[in-house]
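Right, one structure below, let's go through it.
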Amino acid sequence: MNSGLQFSVNKILNHYLTKTIKSDENLSGYLSNNICELISEIYNSFPRRVDDDGYDYICVEPLSVEVSKDDPSYRVIVEIADIFNSLPRSYFKAVILHGSYGDNTPVAGWSDIDIFCVLSRELATCPESLKKLRRELNKIHKLMLLVDPLQHHGVQIVTEYDLNNYSSNFVPMAALAKGRSLLASQSVVLRYKANKQITNNSAEIVVNNLLSAKDSGEFKTHSKSGIYLPYNRSEGHYMYQLKYFISMNLLFPALFLSDINCPCHKADSFDKFYRLVPPEASRWWKILEEIRIQWGIREGRSYVPNKIPSWVSDAIGECYFDIAINSMKLALESEVYKARVGG
């Protein structure tokens, strides 16, 4: 299988379904037709194996109705589940709520909604169905912002075929296993085969992105109103941009572990990561963990503006980009990373 083709198609599919494309319906139709043609080519060129050789399974339990009664965020999640369940069941192989809301450990106002959606072959190769799903996902994204106004991403989309050539760069199966199914109170079983030919270097990519920001003077991703986060800027109206920076840093331990073939749930990654890297490297992530916890206490769901709170500025310091880069480099220079990745 040409993994480059597979992941290129996946990027296009996610952009089409989960990004706000300000275009006319003709362009939308053109994109959906071409996406479906590409996905059909993948299915036809690389047929799915029917034996169990090399396949693994995870079972994901349904979201409990009881958990949603007293929490307004979970009531929004139930509303999101209702939208998915209003569509034909044949559209999906799975729709999984994962992350903090999936394991019922969210921080109010900080935790965003993570949803992983596996499209059936029937849906992924039908342009009209794809356009219909895109309209419903636009509604879902608006609901997500009610829970976290600073949310940076939409629903993570993969196709049924991706499960047969699965990379943890999508979402580690260990993380999905702790999630909850949003499909009609049903548990789901995901059958997947890991792609072992891919060399994971996700942690290195994060460092390179920060180094690019150092060179350009801006962190050129996830702008707000066209404005990027200036390098080392810890004050002003940049909280949306800074939250993405912090969230990406908080994901680094899980990416590190995935790179060394020890993927795990993000919440479980920190203690494992700290045992593998020098103590001076781990200090940075402990600061960020504390910011996440304190956000729920100090800001919670009441936070509306984009101004960076002074206590966040104090916590990260004036040279936080440099601290992040140096801490990540120390982690990547650890013996366990160099031995497993071949550095």
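The values are calculated or read from the model by the stated rules, or taken from the named source; none is laboratory data. It should be emphasised that the depicted structure is a prediction, and the values quoted were computed from it without experimental measurement. Note that we place each Cβ from the backbone using ideal geometry, even for glycine, and neighbour counts take in every protein chain shown.
I need a count of the residues in the range 113-135 that are within 24 Å of GLU61 (Cα to Cα) and surrounded by fewer than 21 Cβ atoms within 10 Å (Cβ to Cβ).
Total meeting the criteria: 2.
Could you tell me which numbered condition GLY109 fails, if it satisfies all but one of (1) part of a loop (DSSP other than H, G, I, E, B); (2) at negative phi?
Single failed check for GLY109: (2).
State which residue pairs qualify: first residue within 16 Å of GLY154 (Cβ to Cβ) and inside the range 91-120, second residue assigned to a loop (DSSP other than H, G, I, E, B) and aromatic (Phe, Trp, Tyr) in any location, beta carbons under 8 Å apart, and separation of 6 or more residues or different chains.
Close Cβ pairs satisfying both conditions: PHE116/PHE170.
Given the structure, is VAL206 in contact (Cβ under 8 Å) with a residue 40 or more places away in the chain, farther than 27 Å from LYS329 by Cα, among the hydrophobic types (A, V, I, L, M, F, W, C) and outside any loop (DSSP other than H, G, I, E, B)?
When the stated conditions are applied, VAL206 does not pass them.
Exactly one condition in (1) out of contact with any strand residue (DSSP E or B) (no Cβ under 6 Å at 6 or more places or on another chain); (2) touching a residue at least 40 places away in the same chain (Cβ under 8 Å); (3) part of a helix (DSSP H, G or I) is not met by GLU318; state its number.
Of everything listed in (1) out of contact with any strand residue (DSSP E or B) (no Cβ under 6 Å at 6 or more places or on another chain); (2) touching a residue at least 40 places away in the same chain (Cβ under 8 Å); (3) part of a helix (DSSP H, G or I), GLU318 misses just condition (3).
Within the range 71-90, track down each residue that is under 28 Å from ARG191 (Cβ atoms) and either acidic (Asp, Glu) or surrounded by fewer than 21 Cβ atoms within 10 Å (Cβ to Cβ) (or both).
VAL78, ASP82, ILE83, ASN85, SER86, LEU87, PRO88, ARG89, SER90
Quick one: count up the residues across the range 178-223 that are within 19 Å of the chain's Cα centre (by Cα) and of a type in the set (D, E, K, R).
Total meeting the criteria: 4.
Of everything in the range 283-301, what is touching a residue at least 60 places away in the same chain (Cβ under 8 Å), in a helix (DSSP H, G or I) and either surrounded by 15 or more Cβ atoms within 10 Å (Cβ to Cβ) or over 21 Å from the mean Cα position of the chain (by Cα) (or both)? Give them in sequence order.
Passing the criteria: ARG292, TRP295, GLY296, GLY300, ARG301.
Within the group LEU288, LEU242, LEU251, which residue is more than 21 Å from ASN104 (Cα to Cα) and either in the same structural domain as ILE323 (by TED's automatic domain parsing) or polar (S, T, N, Q) (or both)?
LEU242
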